[in-house]
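Just so it is clear, none of the values below were taken in a lab; they were calculated from the coordinates. Fair warning: this is a prediction, and the values are worked out from it, not measured in the lab. Positions of Cβ are generated from backbone atoms using ideal geometry, with glycine treated the same way; all protein chains shown enter the neighbour counts.
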Amino acid sequence: MSQAAAEALLAKFPDDVSRAPQGPGGDDLVFVKKERIAEVCRFLKEDPALRFNMAPYVTAVDYLGQEPRFEVVYNLYSSSLNHRLRLRVKVPESDLTVPTVCGVWRGADWFERYCYDMYGITFPGHPDHRRLFMYDEFVGHPLRKDYPLRGRQPLTSERDVPELLRGPGPESRD
């Protein structure tokens, strides 16, 4: 069925989508121009014949030494039709931006934050574009292949966690 989804994409977006060899897990792979990724994803979700209602995993890959250097990979799943499709978006090092798909799948939020935090890829239009794992003063992006293996980071003082985030303390429990 994912082959049918890939064919539908090729028919609907002939200038923005290209077929790739089948992936190792048997999923169909499609390359999408980064400017059109949100529109392509919306089509995949809303088309009644496809119904890709989940983006269970979005990640990035660093191909150091190749151009374009990065890819953002969207693994999509249709729970009602039980089929999968993998979209890949090439991202050159000179323009590390990819439009957000949070408006299509709300669950893509933290995955896009992860890609920003670990690889430095930004997602214009993202509702909460900040680091996910690293602290604000962290310099660089640790999953890039050119990040120094023994990279040192500046020490930062421990922050006070706001009361709202802390939740009720032991003194408020009955």
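Legend: P(r) of the range 1-84 from all alpha carbon pair distances, 5 Å bins from 0, whole percents, reading 3, 14, 25, 29, 18, 8, 3, 1, 0. The angle between the Cα long axis of helix 37-46 and the main principal axis of the chain comes to about 70°, on a 0 to 90 degree scale. Against the chain, whose longest principal axis is taken from its Cα atoms, helix 108-119 shows a tilt of about 70°.
Diagonalise the Cα gyration tensor of the range 2-154 and give the resulting equivalent ellipsoid semi-axes, square root of 5 times each eigenvalue, largest first, whole Å.
Details: eigenvalues 162, 55, 35 Å².
Equivalent ellipsoid of the range 2-154: 28, 17, 13 Å, largest first.
With neighbour counts taken as other beta-carbon atoms within 10 Å, the residues Tyr57, Tyr74 rank, fewest first, as Tyr57, Tyr74. Counting Lys and Arg as +1 and Asp and Glu as -1 over every other residue whose Cβ lies under 14 Å from the Cβ of Arg36, the net charge comes to +2. Residue order for Trp105, Trp110, fewest other beta carbons within 10 angstrom first, comes to Trp110, Trp105.
Sorted ascending by nearby beta carbons within 10 Å, beginning with the fewest, Met134, Met118 become Met134, Met118.
How much of the DSSP beta bridge set in the chain is antiparallel, as a percent to the nearest 5? In the chain, approximately 80 percent of DSSP beta bridges are antiparallel ones.
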